[in-house]
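The values are calculated or read from the model by the stated rules, or taken from the named source; none is laboratory data. The structure displayed is predicted, hence computed values, not measured ones. Every residue, glycine among them, receives a Cβ derived from its backbone with ideal geometry; neighbour counts consider all protein chains shown.
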Amino acid sequence: MSQTAWWASESLWRKSAIWVTGVSFIFLIYLTFDTLPYIKAGGTNVPGFSVINKRVDYQYDEAKHRYLPVIGQDEPLFGKMLTEEEAEALVSKGKLTTQAKNCMECHTLLGNGAYYAPDLTKAWLDPAWGSKEAREADMVAFLMDPTDKLHNSIGRRMPNLGITEEEARATVAFLKWMSAINTMGFPHNFKTLDQSDAPAAAPAATAPAAAAPAK
Ligand code: HEC
């Protein structure tokens, strides 16, 4: 049957399949390496771990039409400047804690996880912490025992997960580092804590959230 049209020949389709698979494979490998600088810590969009020594803010960028993290002046976490290695160790311990305690069972981190509780990507910057001065201590206390604290009045309480003080501090470091990741404006419409150094008139306006409305 040598009369088969060229476009119907078996060998043409076999060769096409091999070429398309081969070229796609090479392209995917190229894309993988092309993406690495954007996603690794210390890269274009994900800051190095020592960013926890700095003030992290989240501001609207008029040109890009989205909120972006802004890394500011020195503002060491728990008042202690850490080296890159020390910061990495602390953030890693925090990340391991979030995995060991399965925070994703209720929360989303960078959008991944469950929708029972708020997304934690920018939790460090949540205005519900009241003031930037009280935030670190409040976050540690909240993580160690959130049961009697209704934080942002969504009406659901977080259970006590038996987190030690050391784990809580590491988790706060992880959350601070995560808030500095450029997530291209995710989560959308997130309002941030007032981090200005203006005289302390702000706390009055942001009184602790009242108890949840009775259902
Ligand atoms: C069983 C569900 C559940 C698990 C597991 C859980 N949480 Fe929560 N979490 C909640 C709920 C519900 C809230 C909201 C409580 C509130 O507003 O008072 C919350 C609130 C928070 C907040 C405040 C959020 C904000 O936007 O400021 C932080 C931070 C937080 N959780 C961290 C964690 C971490 C870290 C873990 C894992 C170690 C964790 N949670 C595990 C249910 C959970």
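Can you tell me which of 42, 94, 22, 111 is of a type in the set (Gly, Ala, Ser), over 14 Å from the mean Cα position of the chain (by Cα) and either modelled with pLDDT under 95 or closer than 23 Å to residue 134 by Cβ (or both)? Show your work before the answer.
On the way: 94 fails: over 14 Å from the mean Cα position of the chain (by Cα); 22 fails: either modelled with pLDDT under 95 or closer than 23 Å to residue 134 by Cβ (or both); 111 fails: over 14 Å from the mean Cα position of the chain (by Cα).
After ruling out the rest, the residue left standing is 42.
When only residues in segment 30-51 that are touching a Leu at 6+ places or on another chain (Cβ under 8 Å) and outside any loop (DSSP other than H, G, I, E, B) count, which is nearest to residue 78 (Cα to Cα)? Break it down stepwise before answering.
Going residue by residue through segment 30-51, those that are touching a Leu at 6+ places or on another chain (Cβ under 8 Å) are 43, 49-50.
Among the residues that remain, those that are also outside any loop (DSSP other than H, G, I, E, B) are: 49-50.
Details: 49: 15, 50: 13 Å.
Going through the qualifying residues, I end up with 50.
For residue 61, indicate whether it is touching a strand residue (DSSP E or B) at 6+ places or on another chain (Cβ under 6 Å) and charged (D, E, K, R).
Working: touching a strand residue (DSSP E or B) at 6+ places or on another chain (Cβ under 6 Å): yes; charged (D, E, K, R): yes.
It is true that residue 61 is touching a strand residue (DSSP E or B) at 6+ places or on another chain (Cβ under 6 Å) and charged (D, E, K, R).
So, in segment 134-161, exactly how many residues are without any contact (Cβ under 8 Å) to a residue 12 or more places away in the chain and not hydrophobic (A, V, I, L, M, F, W, C)?
4
Could you list, in sequence order, the residues of segment 52-75 that are assigned to a loop (DSSP other than H, G, I, E, B) and either surrounded by 11 or more Cβ atoms within 10 Å (Cβ to Cβ) or small (Gly, Ala, Ser) (or both)?
Quick first cut of segment 52-75, residues assigned to a loop (DSSP other than H, G, I, E, B) only: 62-65, 75.
Hits for segment 52-75 are 63, 75.
With the requirement that a residue be within 11 Å of the ligand (Cβ to nearest atom) and aliphatic (A, V, I, L, M), what does segment 144-189 give you?
144, 150, 154, 158, 161, 163, 168, 170, 172, 175, 178 - these are the residues of segment 144-189 that are within 11 Å of the ligand (Cβ to nearest atom) and aliphatic (A, V, I, L, M).
Can you name the residue in segment 121-143 that is near the ligand (Cβ under 8 Å from one of its atoms) and not in a helix (DSSP H, G or I) and is also surrounded by the fewest Cβ atoms within 10 Å (Cβ to Cβ) among such residues?
Checked segment 121-143; the qualifying residue surrounded by the fewest Cβ atoms within 10 Å (Cβ to Cβ) is 126.
Consider residue 184 against the criteria (1) loosely packed, with under 14 Cβ neighbours inside 10 Å; (2) assigned to a helix (DSSP H, G or I); (3) at pLDDT 90 or above: it satisfies all of them except one. Which criterion is unmet?
Going through (1) loosely packed, with under 14 Cβ neighbours inside 10 Å; (2) assigned to a helix (DSSP H, G or I); (3) at pLDDT 90 or above one by one, residue 184 breaks only (2).
How many residues are in contact with a Ser or Thr (Cβ under 8 Å, 6 or more places away or on another chain), hydrophobic (A, V, I, L, M, F, W, C) and assigned to a loop (DSSP other than H, G, I, E, B) when one looks only at segment 99-120?
Within segment 99-120, residues that are in contact with a Ser or Thr (Cβ under 8 Å, 6 or more places away or on another chain), hydrophobic (A, V, I, L, M, F, W, C) and assigned to a loop (DSSP other than H, G, I, E, B) number 3.
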